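The values are calculated or read from the model by the stated rules, or taken from the named source; none is laboratory data. Just so we're clear, the structure is a prediction, and the values are computed from it rather than from any experiment. Positions of Cβ are backbone-derived with ideal geometry, glycine not excepted, and every protein chain shown enters the neighbour counts. Accessible surface areas use protein heavy atoms only, side chains included; no ligands, DNA or RNA. Shrake-Rupley method; radii C 1.70, N 1.55, O 1.52, S 1.80 Å.
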Amino acid sequence: MSEFDEGRRAFASFRVLNGEDSHSERDQLFRNMAKLFSFVSDRCDDEQVVQYDEALCLLAELVEVEARAHVAKILAPLQRAPGTVVVKLANDDIEVARPLLEFSNVLSDDDLIDIIEKQSEAHRVAIAGRATVTERVGEAIVEHGDSSSVIKFVRNANAEIGRTTLEKLVARASQDAAIAEDLRNRAEIDWKSLRGEIDSVADRVMETLGEVDGRFDPVTAGKVNAVVYKRMRNRAGFNAQEWKVAYNQVRALTDRKQLDDRALARFARFGYGHHAAAAIAVMLRVAPEIVVKWLASQDYAAVTVALRASGLQSDLFGAIASTLPWRDLPTQGHQDMMVNRFEALDEEEARNIFELWRAHSFRRRSAAASAHMHEPQAMTA
């Protein structure tokens, strides 16, 4: 069946939204609409995604659990999916939520942490087994989870264990031999030392594990040196996969009308540089590759003008600019320069410059157009 036929079937029974139907018709419409979206998701603009989102959210309230579970499986692997309905289904009964909790990249760390805090242990177990579990999400699991989710988290080789999380795990391990055993076994993975100044933390970990399990081998402890972060978040350097995930999560925030200064402040606070960069592209409605080029070429002037044109406040600008995944980490001098230029540039002037760039496909503008800024490097849309 063609995509056109699928679309015609999906929308032909819209009377169900007004209650003029049977449960089976509602269920079928819900399934068909999700299937259609999966066919065209990579070609939908943001307005079209919002339309799907609103319809799917409404239908989700009207259908049985089997239909919701079916749609959750359809949406789970999509890189771009309607943000509101994904969060809604991820907070549903576990048989509905599980595929989204395990696989959906549309769910942000904030979404997952909220689910960890409010939903069941089964929800936490599903999250603990994700392909990647970040430090913040892992800390929430250890803070709120029962033994099953914590053990699943510790056994996940791709889970990031931060310093605070590690200390909480040690405290729990002193009361739970299963957690202690799994922590000990993580020494067989490629552990990395956090830094010399927290070696004492590692020593305390090893001592505690040794007390819980008398079979612990001090030679192994010497080899790994410190049981600490699996990986420190790199504040500089662009990662294509992280960018792809971040960009779609930011668009999902836009679907839910939650991309605002509070979201930007969270990105800066927790070092989510790729999310901050994606937010710039979405807020300013520029092609994502434009922002990527700014970062790759260390184009501080372009970022400064763009964010001044967006109406960002000075303190938030400084935090965002230093968080972005630049090719090389900006020096303190570069950061101070960007803040000074940002404060010296009038917002209306910045908008005029930015719109001039946009009108000329972001090609190099004349030097006379920028009295306060160095000219950005040439770039094409």
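Structure notes:
- Phe238, sole failed condition from (1) surrounded by fewer than 20 Cβ atoms within 10 Å (Cβ to Cβ); (2) aromatic (Phe, Trp, Tyr); (3) modelled with pLDDT of 90 or more: (3)
- Only residues that are closer than 24 Å to Asn239 by Cβ and acidic (Asp, Glu) were counted across the stretch 296-316, and they come to 1.
- Residue within the stretch 164-181 that is surrounded by fewer than 18 Cβ atoms within 10 Å (Cβ to Cβ) and under 21 Å from the mean Cα position of the chain (by Cα) present: yes
- A count restricted to the stretch 253-264 and to residues that are assigned to a helix (DSSP H, G or I) and either acidic (Asp, Glu) or touching a residue at least 24 places away in the same chain (Cβ under 8 Å) (or both) stands at 5.
- Top-ranked residue in the stretch 141-161 [being open to solvent by 10 Å² or more (accessible area, probe 1.4 Å) and of a type in the set (A, V, I, L, M); ranked as farthest from Ile116 (Cα to Cα)]: Ala157
- Extreme residue, surrounded by the fewest Cβ atoms within 10 Å (Cβ to Cβ), among residues of the stretch 31-71 that are among the β-branched types (Val, Ile, Thr), within 17 Å of Val106 (Cα to Cα) and free of Cβ contacts under 8 Å to residues at least 60 places away in the same chain: Val40
- Any chance Arg363 is modelled with pLDDT under 95, of a type outside the set (Ser, Thr, Tyr), under 23 Å from Val250 (Cα atoms) and open to solvent by 20 Å² or more (accessible area, probe 1.4 Å): no
- Evaluated against (1) part of a helix (DSSP H, G or I); (2) surrounded by fewer than 21 Cβ atoms within 10 Å (Cβ to Cβ); (3) within 22 Å of the chain's Cα centre (by Cα), Gln79 falls short on exactly one condition, (1).
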